[in-house]
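To start, I am sharing the structure in question, which I have written as C-alpha cells.
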Amino acid sequence: MDSKDVKQDASCCSPVCVHNPHLDALKDDVLYHFSLGTGTHDLPAMFGDVKFVCVGGSPWRMKSFIEYIAAELSMEDPKAEYPNICAGTDRYAMYKVGPVLSVSHGMGIPSIAIMLHELIKLLHHAHCTDVTIIRIGTSGGIGLEPGTVVVTKQSVDATFLPKFEQVILGKTVVRNTDLDQSLAEELLQCSKELSQFETVLGNTMCTLDFYEGQARLDGAFCSYTENDKQDYLNKAKEARVCNIEMESSVFAAMCKLSGLRAAVVCVTLLDRLKGDQLSSSHEVLHSYQQRPQILVGSYIKKQLKAKAAHK
C-alpha cells in the first residue's frame with residue numbers, strides 16, 4: 001500500500017467527536033449511568049470494533065434485538081445468553097455481538113439525552129470510527145395504517161419546526177435536527193427489497209409528553225376538545241408529519257454534533273386520527289414491534305456483506 005492509499009484510508013475514517021475541553025483534565029471519565037469508566041474498563045478493547053449502534057426505549061426490546069441480529073449474522077449461537085454490559089446499574093441495558101451494540105435509552109428526551117452523552121463519550125474513548133447509529137422504536141401514526149414503518153426524514157418539534165431547544169445556563173440554545181438523508185434512503189431501499197411491510201419516509205414529531213403533548217384525550221388532564229385535537233393533528237399532517245414519538249429531536253441533534261451517521265426507524269401502533277388507545281391484540285402489536293428490528297437487521301447484514309466483498 002503506497003502513501004496515497006494510506007491517506008485515502010485515513011480520510012475515510014470518521015471519528016466520534018466530543019466537544020468538551022474539560023474532558024482532557026479528567027484523570028478518569030466515569031460513565032456513571034452505564035457503570036463503566038476509562039479508569040476501570042478497557043473501552044477500546046471492549047468496544048473498539050463497534051460500527052453499528054442500535055438504541056431503543058425498552059431493555060427487553062434491545063436484548064431481543066441483539067439476539068435477533070446475532071442469529072441474522074450467524075455470529076454466535078442464537079440460543080446463547082448475552083450478558084448486560086451495564087449490569088452494575090439499573091438505568092440502562094447494553095448488549096453487544098460483533099460490531100453491533102444495542103443500548104436501551106428509556107422514555108423521553110431527558111432519558112435518551114443522558115444515555116447519548118455517555119454513549120458518545122464511550123465511542124470516543126474506544127476510538128471507534130465510521131459508526132452508524134439507529135433508533136428503533138414505536139410511535140403513533142398520523143393517517144397511516146397501524147404497522148407502517150416510518151423512516152424519519154426530519155425530526156420536528158410540537159410546532160412542526162425542525163429544531164431542538166435546550167436551556168443551558170439560563171439561555172435557550174437551538175440545535176439542528178437534521179438526520180443523514182442518504183442513510184434514510186438506504187433504509188427505505190432495504191425495505192423495498194424486503195417487501196414484507198409498508199415503509200414510508202416522512203417527518204417525525206418529537207414531543208415532551210405522551211398525553212397532552214400529543215393531543216391525547218385520555219390523560220389525567222385535558223383542556224381541549226376532540227375537534228381541537230383533530231385540527232392540531234391535521235395541521236401536523238399538512239406539515240408532512242407521519243408519526244409522533246418522544247426522542248427523535250435530541251437524538252438527531254446530538255448525533256449531528258458528534259459526527260454520527262444517524263437514522264430513526266419507528267413502527268406506528270395506531271392511527272392517531274382515529275383514536276388514542278391501542279386496540280390491536282398483544283400478538284399483533286408484538287409483530288409490529290419486530291418490524292424496525294427486521295429492517296435494521298437487514299440493513300446491517302447488507303452493509304457487512306458489502307464490506308466483506310470489498311476486502
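The values are calculated or read from the model by the stated rules, or taken from the named source; none is laboratory data. In this text, all values refer to a predicted model and were calculated from it rather than measured experimentally. Please note: Cβ atoms are built from the backbone with ideal geometry, for glycine as well, and neighbour counts cover all protein chains shown. Protein only, heavy atoms only, side chains kept; ligands, DNA and RNA dropped before computing areas. Shrake-Rupley method; radii C 1.70, N 1.55, O 1.52, S 1.80 Å.
Just need a number here: residues in segment 232-263 that are crowded, with 24+ Cβ neighbours inside 10 Å and of a type in the set (S, T, N, Q).
Counting residues in segment 232-263 that are crowded, with 24+ Cβ neighbours inside 10 Å and of a type in the set (S, T, N, Q) gives 3.
Something else now. In segment 213-250, what count of residues is obtained for those that are free of Cβ contacts under 8 Å to residues at least 24 places away in the same chain and either assigned to a strand (DSSP E or B) or not assigned by the TED database to the domain that holds ALA263 (or both)?
Counting residues in segment 213-250 that are free of Cβ contacts under 8 Å to residues at least 24 places away in the same chain and either assigned to a strand (DSSP E or B) or not assigned by the TED database to the domain that holds ALA263 (or both) gives 0.
For segment 264-273, does any single residue satisfy the condition of being open to solvent by less than 20 Å² (accessible area, probe 1.4 Å), over 17 Å from the mean Cα position of the chain (by Cα), among the basic types (Lys, Arg) and closer than 24 Å to GLN196 by Cα?
Yes.
What is the number of the single condition among (1) surrounded by fewer than 20 Cβ atoms within 10 Å (Cβ to Cβ); (2) farther than 20 Å from HIS33 by Cα that THR89 does not meet?
Unmet for THR89, out of (1) surrounded by fewer than 20 Cβ atoms within 10 Å (Cβ to Cβ); (2) farther than 20 Å from HIS33 by Cα: (2).
With the condition kept exactly as written, say whether any residue in segment 69-85 is in contact with a Lys or Arg (Cβ under 8 Å, 6 or more places away or on another chain), open to solvent by 10 Å² or more (accessible area, probe 1.4 Å) and under 22 Å from GLU245 (Cα atoms).
No, the conditions are met nowhere in segment 69-85.
On the given criteria, is LYS237 among the basic types (Lys, Arg) and farther than 19 Å from LEU144 by Cα?
In short, no.
I want to confirm something. Restricting to segment 274-310 and keeping residues that are assigned to a loop (DSSP other than H, G, I, E, B) and touching a residue at least 12 places away in the same chain (Cβ under 8 Å), which single residue is most open to solvent (accessible area, probe 1.4 Å)?
Quick first cut of segment 274-310, residues assigned to a loop (DSSP other than H, G, I, E, B) only: 274-281, 310.
Next cut, touching a residue at least 12 places away in the same chain (Cβ under 8 Å) only: 276-277, 280.
Values: ASP276: 23, GLN277: 133, SER280: 39 Å².
My answer is GLN277.
Ok, one more. Quick one: which of MET62, MET46 is hydrophobic (A, V, I, L, M, F, W, C) and closer than 23 Å to ASP28 by Cα?
Working: MET62 fails: closer than 23 Å to ASP28 by Cα.
Going through MET62, MET46 in turn, just one is hydrophobic (A, V, I, L, M, F, W, C) and closer than 23 Å to ASP28 by Cα: MET46.
Could we say that ALA215 is surrounded by 17 or more Cβ atoms within 10 Å (Cβ to Cβ), among the small types (Gly, Ala, Ser) and closer than 23 Å to LEU179 by Cβ here?
So ALA215 fails the test.
Further, regarding this structure: Working carefully through the options GLU226, GLU245, find the one that is touching a strand residue (DSSP E or B) at 6+ places or on another chain (Cβ under 6 Å) and among the acidic types (Asp, Glu).
Numbers: GLU226 fails: touching a strand residue (DSSP E or B) at 6+ places or on another chain (Cβ under 6 Å).
Only one candidate qualifies: GLU245.
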